[in-house]
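**Q** The structure's right below; bear with me while I get my questions together.
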Amino acid sequence: QVQLVESGGGLVPPGGSLRLSCAASGITFSETALAWYRQAPGKQREIVARILTTGTANYADSVKGRFTMSRDNAKDTVYLQMNSLKPEDTAVYYCYAFGGGGYWGQGTQVIVSS
């Protein structure tokens with residue numbers, strides 16, 4: 001079955017950096033577009049970034065210039081490099097794979113606080 005396993009979350013002060021990883025299995029990774037979503041307490045889940053099979057990535061306006069999504073097809077893994085983190089980036093971050101109705105990971109918590 002499809003599994004998406006996120007890692008790399010944690011507590012970081014404002015202005016800091018984190019790199020999230022999402023390891024996929026059960027999908028033809030190189031042929032699958034993937035995305036990172038996040039959900040802050042009391043808010044709806046929102047898309048943060050999406051990466052196509054070509055490697056082209058798109059970003060939400062709120063993270064443009066600060067976050068970078070990438071993929072490693074040899075490792076079946078996508079990454080989200082998050083720089084210049086702000087308190088409003090605090091959320092649970094989820095990996096999502098498009099296709100077949102869509103698949104979600106279990107999420108990883110990111111807390112930006114001093």
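**Q** Would you kindly work out the equivalent ellipsoid of the chain from its C-alpha gyration tensor and give its semi-axes, the square roots of five times the eigenvalues, largest first in whole Å?
**A** Values for the chain, descending: 23, 14, 13 Å.
**Q** With the dipole of segment 1-104 worked out from charges on the C-beta (+1 for Lys and Arg, -1 for Asp and Glu) around the Cα centre, which of GLN39, VAL78, VAL5 lies farthest toward the positive end?
**A** GLN39
**Q** Still on this structure, please answer the following. Whole number please: convex hull volume per residue, Cα atoms of segment 70-114, in Å³.
**A** Looking at segment 70-114, the number lands at 98 Å³ per residue.
**Q** Under a 1.4 Å probe, what is the accessible area of the chain per residue, stated in Å²?
**A** Per-residue accessible area for the chain comes out at 51 Å².
**Q** Same structure again: Lysines near LYS75 by alpha-carbon distance under 28 Å, same-chain residues fewer than 8 away left out - which ones?
**A** Hits, sequence-local ones excluded: LYS64.
**Q** Okay, next question. Give me the dipole magnitude in Debye, nearest 20, for the chain about the Cα centre, with unit charges on the beta carbon: positive for Lys and Arg, negative for Asp and Glu.
**A** The calculation lands at about 180 debye.
**Q** Please give, to one decimal in nm, the separation of the simple spin-label points placed at THR28 and LYS64, each 7 Å out from Cα toward the Cβ.
**A** 3.3 nm
**Q** Non-local amide H neighbours of PHE67 (under 5 Å, H modeled in plane, Pro and chain starts lacking H): which ones?
**A** Residues meeting the amide H criterion: ASN83.
**Q** In what order, largest first, do ARG38, ARG71, ARG50 sit by accessible area if the probe radius is 1.4 Å? Show your work: numbers first, answer last.
**A** Numbers: ARG38 15, ARG71 40, ARG50 95 Å².
From most accessible down to least: ARG50, ARG71, ARG38.
**Q** Let me ask something additional. Mind listing the phi-derived Karplus ³J(HN,Hα) values for segment 101-114, rounded to whole Hz, using 6.51, -1.76 and 1.60 with θ = phi - 60°, and x for any glycine or proline?
**A** Result, rounded to whole Hz: x, x, 9, 10, x, 8, x, 9, 7, 10, 10, 10, 7, 8.
**Q** Given a cut-off of under 8 Å on Cα pairs at least six residues apart, what relative contact order in percent is computed for the chain?
**A** Result for the chain is 36 percent.
**Q** Among 9-19, 101-111, how do they line up by average Cβ neighbours within 10 Å per residue, starting with the highest?
**A** Result, highest mean Cβ count within 10 Å first: 101-111, 9-19.
The values are calculated or read from the model by the stated rules, or taken from the named source; none is laboratory data. What you see is a predicted model; the values in this text were computed from it and never measured. Quick reminder, even Gly has a Cβ in these numbers, built from the backbone with ideal geometry, and neighbours come from all protein chains shown. The area values use the complete protein model at the heavy-atom level, side chains included, leaving out ligands, DNA and RNA. Shrake-Rupley method; radii C 1.70, N 1.55, O 1.52, S 1.80 Å.
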